[in-house]
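Asks: I'd like to ask some things about the structure below.
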Amino acid sequence: MLHCKHDGAPLERRFVAFRALAAATVVLVALAGGTAQAQSPSGTPAPSPGPTGMADSTAGLPGAPIRLRQGDVDSVQAIPSLEAAPRPGATRLPPAPPARPSEFETFVELTRYGSDLVQELVTGTADHGPGVPADYIIQSGDEILVNIWGSVDADLRLTVDRSGRVTIPRVGPVLVAGLRYDELQPTLSRRVSQTFRNFELSASLGRLRGVRVFVTGFVQRPGAYVVSGLSTVMNAVIRAGGPAAEGSFRSIELRRGGRTVATLDLYDLLLRGDRTGDHVVQPDDVVHVAAVGPQVAVRGSVNKQAVFELRPSETLRDLLAMAGGFSPVADRSRVALERLEARNANRITQLPLPENESMQLANGDMVRVFSAVDSALSVERQNRRVKVEGEVGAPGEYVLPPGSTLADALRAAGGLTQSAYLYGVQFTRESVRLAQIENYDRALRDLETDFIRSSASKRVSTADDAANQAAQSAAIGRLVERLRALKPSGRVVLQMTPDSTTLPDLLVEDQDRIYVPAQPTSVGVFGSVFNAGNYLYSPGRALGDYLRLAGGPTKGADEGSVFVVRANGHVISSRQSAGGFWRSNRIANVPTEPGDTIFVPEELDRSTFLQTARDFTLLLFQLGVGSAGIRSALN
């Protein structure tokens, strides 16, 4: 045992000095050991704490990669992105107001070319993660994502500081400001290879720096805006709400350092898809939207009707090209020009083309392109397209020259067959069909009005009368709807006799249709008869004979309105003959023809026996009361 002869205080001081010497010895030994292990047989540095980072404790295991962890040094000089969260108390910009049309747009009732796209971009959702182009210049404030694997394992998020550098743990600072994006990865790889070996590295950009630009001129909301470092002139203009109604789409200047470095023409993008003039903005750039230039409206048969902004050198040819050229149905031989300054004079002028395509246009002009199909054309010089069907040699569609007749159409189709029934030819015409539709609709409206007026004027004395009138009105309504569902066919009745061997000398028109039926062998009887149907035709029989074959008219039939439709479309009615109660007997003696259709209509306005007796009794009662009153007055 060692005994100390000194007092307690000197002994305590010597003990403290001894502890300090021991700690220094441990540090020296650790440093010596780290120096000895700095180079492994593979040439990879051993893990040790560095001045700018630290190594994971597990990296000391044999064969394990060195794990670099990002310390706090990188955040000391980091520049916060201008796109970070807003400052306390800061407010978001209100949405841009809807683009209002200019006075000229309101006058011509057309929108400005390109305004729909601009408005969609203004109100749409912006792309906050666009791809970074290879020529993007890295500047202070950009965030760089670095991944290293192999002998070194690192996942770093580095921000370019104000000096333009990023600091990689155990590697040190690397100057990256001013590099292109495609130069970033090779530069970082070369710098890391000075410290480590056997690794792979990838570098990309995270959050980009914010760029403050000034948007001035004729925009919806002029002012200073912070945009992404990838933003272009177009993005800055859209951020400001787009050009105003008085702003130009064709003169958007990018000013930098007091001079104009580029001019953007949105028509290059809209018409040709060219964005070469849409430059990336830099800090403190000024984007200036000039006042709108001369505006001209284009209407009519063009592919894009709109208001276009013209440059001084552009002509009528350029305007028509901006409008997408003529539509397929346009009249390319002429256009009409309406000029504002001539509204009190001739107002509108017709310009033949192409000799006036190089004409200079004025602000406020309106160009109208005519359609070649809107106006009805002369049919005198046009060929006719006619369809011939039925009992002919070669049914089909034929193109006939001007002046062709029905007989020419039959000859073109190979003539008639032996079973053709010329008297029953059905000839339809498109122009007649359109006229029939118009007249038929007018007649239905008049019929419906008459029914309503008749129902409103009828006297109702009992509940039964009211119920009957309601039922009758409902039936009339259903009848009108059924009639409305029918559509005229456009048939033209040809004045022919059953013995005719040729068609009338009638000129054909375009889209005419000729149908030649076969010889019919029956007569139809329909309507209010006991057994409606078709009956075999027998020469010498009259209409009354076929009515008797069908059982005769029913109790509710209107015998005074019987009519027959001939095969050629001609109608014979019992009301065409005078004679009162004998009209039905006279039509019954009319001879029939093959293909006749006899129709016996239903009597719509009829009353029952009880209704007639009641009305007659009421009439007698009123006469008795009246006579009694007269007798009393005389006495």
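The values are calculated or read from the model by the stated rules, or taken from the named source; none is laboratory data. Because the structure is a prediction, the values reported are computed rather than measured. We place every Cβ from the backbone using ideal geometry, glycine too, and count neighbours over all the protein chains shown. These accessible areas exclude ligands, DNA and RNA; they are computed on the full protein's heavy atoms, side chains included. Shrake-Rupley method; radii C 1.70, N 1.55, O 1.52, S 1.80 Å.
Asks: If Q436 passes every condition in (1) in a helix (DSSP H, G or I); (2) surrounded by fewer than 15 Cβ atoms within 10 Å (Cβ to Cβ); (3) under 36 Å from the mean Cα position of the chain (by Cα); (4) not acidic (D, E) but one, which one does it miss?
Replies: Condition not satisfied by Q436: (2).
Asks: Now for a separate question. Kindly provide the set of residues from the range 459-472 that are part of a helix (DSSP H, G or I) and open to solvent by 50 Å² or more (accessible area, probe 1.4 Å), ordered by number.
Replies: Of all residues in the range 459-472, those part of a helix (DSSP H, G or I) come to 463-472.
Result: A463, D464, A467, N468, A470, A471, Q472.
Asks: Condition (residue is under 30 Å from Q382 (Cα atoms), under 49 Å from the mean Cα position of the chain (by Cα) and assigned to a helix (DSSP H, G or I)) applied to the range 415-431: is it met by at least one residue?
Replies: yes
Asks: Would you call R191 more than 38 Å from the chain's Cα centre (by Cα) and either assigned to a loop (DSSP other than H, G, I, E, B) or within 30 Å of E105 (Cβ to Cβ) (or both)? Lay out the reasoning, then the answer.
Replies: Working: more than 38 Å from the chain's Cα centre (by Cα): yes; either assigned to a loop (DSSP other than H, G, I, E, B) or within 30 Å of E105 (Cβ to Cβ) (or both): no.
No; evaluated as a whole, the condition is false for this residue.
Asks: Report yes if D284 is in a loop (DSSP other than H, G, I, E, B), open to solvent by 30 Å² or more (accessible area, probe 1.4 Å) and touching a helix residue (DSSP H, G or I) at 6+ places or on another chain (Cβ under 6 Å), otherwise no. Don't jump to the end; show me each part of the working.
Replies: Values: in a loop (DSSP other than H, G, I, E, B): yes; open to solvent by 30 Å² or more (accessible area, probe 1.4 Å): yes; touching a helix residue (DSSP H, G or I) at 6+ places or on another chain (Cβ under 6 Å): no.
In short, no.
Asks: What tally of residues in the range 315-353 results from selecting those that are free of Cβ contacts under 8 Å to residues at least 12 places away in the same chain and part of a loop (DSSP other than H, G, I, E, B)?
Replies: Matching residues across the range 315-353 total 6.
Asks: Right, something else. Out of (1) closer than 14 Å to V516 by Cα; (2) without any contact (Cβ under 8 Å) to a residue 24 or more places away in the chain; (3) not in a helix (DSSP H, G or I), what's the single condition that is false for R411?
Replies: Checking R411 against (1) closer than 14 Å to V516 by Cα; (2) without any contact (Cβ under 8 Å) to a residue 24 or more places away in the chain; (3) not in a helix (DSSP H, G or I), the one that fails is (3).
Asks: For the range 473-492, what are the residues that are open to solvent by less than 60 Å² (accessible area, probe 1.4 Å) and more than 16 Å from S455 (Cβ to Cβ)?
Replies: Looking only at the range 473-492, we keep the residues that are open to solvent by less than 60 Å² (accessible area, probe 1.4 Å), and these are 473-477, 480, 483, 488, 490, 492.
The answer is L483, P488, G490, V492.
Asks: Is one or more of the residues making up the range 513-532 at pLDDT below 85 and open to solvent by 80 Å² or more (accessible area, probe 1.4 Å)? Break it down into steps so the answer makes sense when it comes.
Replies: First, the residues of the range 513-532 that are at pLDDT below 85: none.
Within the range 513-532, none of the residues are at pLDDT below 85 and open to solvent by 80 Å² or more (accessible area, probe 1.4 Å).
Asks: Also, I was wondering about something else. Answer yes or no as to whether S202 is part of a strand (DSSP E or B), closer than 30 Å to S151 by Cβ and open to solvent by less than 60 Å² (accessible area, probe 1.4 Å).
Replies: Values: part of a strand (DSSP E or B): yes; closer than 30 Å to S151 by Cβ: yes; open to solvent by less than 60 Å² (accessible area, probe 1.4 Å): yes.
Answer is yes for this residue.
Asks: Another question, then. Is there any pair linking a residue in the range 296-312 that is touching a residue at least 40 places away in the same chain (Cβ under 8 Å) and open to solvent by less than 20 Å² (accessible area, probe 1.4 Å) to one that is part of a loop (DSSP other than H, G, I, E, B) and among the acidic types (D, E), with Cβ under 8 Å and at least six apart or on different chains, and which?
Replies: Listed by first residue and then by second, the contacts come to V296/D365; A297/D365.
Asks: Among the residues that make up the range 212-228, is at least one of them more than 24 Å from G247 (Cα to Cα) and either among the aliphatic types (A, V, I, L, M) or without any contact (Cβ under 8 Å) to a residue 40 or more places away in the chain (or both)?
Replies: Among the residues of the range 212-228, not one is more than 24 Å from G247 (Cα to Cα) and either among the aliphatic types (A, V, I, L, M) or without any contact (Cβ under 8 Å) to a residue 40 or more places away in the chain (or both), which makes the answer no.
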